[in-house]
1. Tell me, which residue of segment 1-40 that is open to solvent by 100 Å² or more (accessible area, probe 1.4 Å) and acidic (Asp, Glu) is modelled with the lowest pLDDT?
2. Does GLU43 meet the test of being loosely packed, with under 11 Cβ neighbours inside 10 Å, out of contact with any Gly (no Cβ under 6 Å at 6 or more places or on another chain) and not hydrophobic (A, V, I, L, M, F, W, C)?
3. Evaluate segment 58-77: report whether one residue or more is modelled with pLDDT of 95 or more and surrounded by 10 or more Cβ atoms within 10 Å (Cβ to Cβ).
Amino acid sequence: MPENNNADVKKMPFERAIEELESIVKRLEEGKVPLDESVAIYERGEALKTRCEDLLAQAEARVEKITLDPHGKPTGSTPLDVD
């Protein structure tokens, strides 16, 4: 599948990306998809997996930026540098 067909993946929210990825995995596991289509949806699945991993890494970084007081209670957060 050409890269431009996966361009929408780069803007997908996590929930939609993971839902579509799960659907692709299910279809591939059933083994009823023709070979050409299997390759195409596998490639899309890879793009979705990468998107989910990126979003999870960003969320993890945001959580790590939460500042705590001496007692371990959140007091705010510092700006996240995503670049």
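The values are calculated or read from the model by the stated rules, or taken from the named source; none is laboratory data. Because the structure is a prediction, the values reported are computed rather than measured. When we count neighbours, we look across all protein chains shown, and the Cβ atoms used for this are built from the backbone with ideal geometry, even at glycine. Heavy atoms of the whole protein, side chains included, go into the accessibility calculation; ligands, DNA and RNA do not. Shrake-Rupley method; radii C 1.70, N 1.55, O 1.52, S 1.80 Å.
1. GLU3
2. no
3. no
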